[in-house]
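The values are calculated or read from the model by the stated rules, or taken from the named source; none is laboratory data. As the structure is a prediction and not an experimental result, all values here were calculated from the model. All Cβ positions, glycine included, derive from the backbone under ideal geometry; neighbour counts span all protein chains shown. These area figures cover heavy atoms from the full protein model, side chains too; ligands, DNA and RNA do not enter into them. Shrake-Rupley method; radii C 1.70, N 1.55, O 1.52, S 1.80 Å.
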Amino acid sequence: MNETIVDIQNLRFKYMSSKELVLKGIDLQVKRGEFIGIIGPSGAGKTTLVSCIKGLIPHTINGKIGGKIDVFNMDMKKHSPDQIAEKVGMVMQDPEGQIIGLTVQEDLAFGPENFQWPVEKILDIIPENLKRVRLDGLAETETYSLSGGQKQRLSIAGALMTEPELLILDEPTSELDPIGREEVFATIKRLKEEKDITVIVVEQTVEELIGICDRIVVMKGGLILADDHPKNIFKNKDIFWGENRGEVPIPQTVQLSYMLSDGGYIRDEQISPYEQEISQTIQMLVQGRCYT
Ligand SMILES: Nc1ncnc2c1ncn2[C@@H]1O[C@H](COP(=O)(O)OP(=O)(O)O)[C@@H](O)[C@H]1O
Ligand SMILES: [Mg+2]
């Protein structure tokens, strides 16, 4: 758990066509086995940051990059993403754009084929990867006929084919209803338990993150505003309830906590994202035992 696999220091990036820096000095270290959630308003630079970690920036997407970005001890400014491609699986924001194969099987074979894996080996691991995302038996199915949730889970299975050590998911549930979202998160959670891979997930539905993340990273305007355990991060009321109010997603439990804090009913230490904790606090308030 102590090995740092992503080491980012003062990372700055500007796209060819952008006027100003899109990443303005990011510091982020990720240790093996950690589960990191990234939240922040649209345009914060979340996709840009994960694209740097995958090495798409600056190699496939051009721009000016500065600072340090080492992934698996490789300087991504110099090394081509091919060198970490098998170790880093990425599911992009738009699943439609990522599905290439006509059938589920063809689609899953695409990545490993690029790495020149033998066909027998590829065919051999397809069923287990479909099972992991609960798409068992759909190998022959044509990809166009899958539902939104099935497509997002197929993208995850595709990213898992090469047994990556780091899995990056960029808004993997953006197009899903609550049930589809739950399915995807249940899949990620199970994977984490089975394989102990390192996960970085960008997600707007922060409720999904609080129960599974080791850390939540809050981004805005190309900077990291906060980086802490979900239990503690929301105690930083200024970040979520001040000028950024309504911009950075917060769980309803935290919203309730902030209202109680604004009213002087609870202390900031009592702010919590967990339903059980906040309901206990409310019970104590009702019984007049709080704030003594
Ligand atoms: N290919 C690109 N060329 C120029 N500007 C871009 C490009 N992609 C993103 N941007 C700009 O960079 C900023 C950060 O974008 P992005 O990383 O996609 O944010 P997020 O994922 O947090 O919504 C935005 O202002 C966006 O308009
Ligand atoms: Mg994005």
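What the table below lists for this structure:
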read-out: Point-to-point label distance, D124-R190, nm (Cα→Cβ direction, 7 Å offset); value: 2.3
read-out: Nearby lysines by direct alpha-carbon distance to K192 (threshold 18 angstrom, same-chain neighbours under 8 apart not counted); value: K31, K87, K131
read-out: Accessible-area composition of the stretch 32-165, carbon plus sulfur, in percent [1.4 Å probe]; value: 50
read-out: Heavy atoms of D177 accessible to a 1.4 Å probe, total area in Å² rounded to 10; value: 90
read-out: Burial order of peptide ranges 18-25, 220-227 (average beta-carbon count within 10 Å, highest first); value: 220-227, 18-25
read-out: Calculated FRET efficiency for the pair T141/D214, C-beta based, R₀ 45 Å, to 0.05; value: 0.80
read-out: Whole-Hz ³J(HN,Hα) from phi, Karplus 6.51 cos²θ - 1.76 cosθ + 1.60, for the stretch 65-78, glycine and proline x; value: 10, x, x, 10, 9, 10, 10, 6, 6, 10, 6, 6, 6, 9
read-out: Computed accessible area, R245, all protein chains, 1.4 angstrom probe, square angstrom; value: 130
read-out: Computed over the stretch 64-138: relative contact order in percent, which uses C-alpha pairs under 8 Å that are six or more apart; value: 15
read-out: Taking the C-alpha atoms of the chain, convex hull volume expressed per residue in Å³; value: 141
read-out: Residues D268 and L223, FRET efficiency given R0 of 30 Å [Cβ-Cβ distance, rounded to 0.05]; value: 0.85
read-out: Distance in nm between pseudo-label sites at W117 and E243 (7 Å out along the Cβ direction from Cα); value: 4.8
read-out: Column: log10 I(q)/I(0), Debye, Cα scatterers of the stretch 183-237, q = 0.28 Å⁻¹; value: -1.24
read-out: Separation between Cα centres of the stretch 62-85 and the stretch 142-176, rounded to whole Å; value: 24
read-out: Cα convex hull of the stretch 27-132 - mean projected area over all directions, nm²; value: 8.5
